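Have a look at the structure below before the remarks.
Each value in this text was obtained by applying a stated rule to the coordinates, not by laboratory testing. Every value quoted in this text rests on a predicted model; they were computed, and no experiment measured them.
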Amino acid sequence: QVAIFLSDGGADTPFIKNNPSIIVIQIVENGLAHRDKQLKLYDVILRVNDNDFTNIKHQTAIDTLKTSGNKVRLLIHRLSPPFSEEIELEQFEKLGISIAGGIGNGYFTR
């Protein structure tokens, strides 16, 4: 299962002004992402499995993450130091991250 907490974000209230990117804004202590240590705070999620996240609607991002399966491949861009990489996490528990951004806004836990 994936636990994603989505704060306000999107074209009308983006996390970064004039940028609908999906951004990791929290990593839950002792969650899968925290223990795995591949994702970092403020990483930009560019792709989840084969789904482009560069200009995605907020609700579509939620739906994609909900159905990502037991293995999730994330293409991320790190702002500091700047680089991109693909990481893979096996999810047998909640992922344990919060994200913001996308087009639209909302909040959910799974």
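Data for the structure
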{"item": "Residue 27 long-range amide H proximity, modeled H, under 5 Å", "result": "98"}
{"item": "Length released on extending from residue 46 to residue 66, taking residue separation times 0.36 nm less the Cα-Cα span", "result": "5.6 nm"}
{"item": "Rounded to whole Hz, the Karplus (6.51, -1.76, 1.60) HN-Hα couplings of region 45-62, x for glycine and proline", "result": "8, 8, 7, 10, 6, 9, 9, 5, 10, 6, 8, 9, 5, 4, 5, 5, 4, 4"}
{"item": "Amide H contacts of residue 49 (H built 1.01 Å from N, under 5 Å, at least 5 apart or other chain)", "result": "73, 74, 75"}
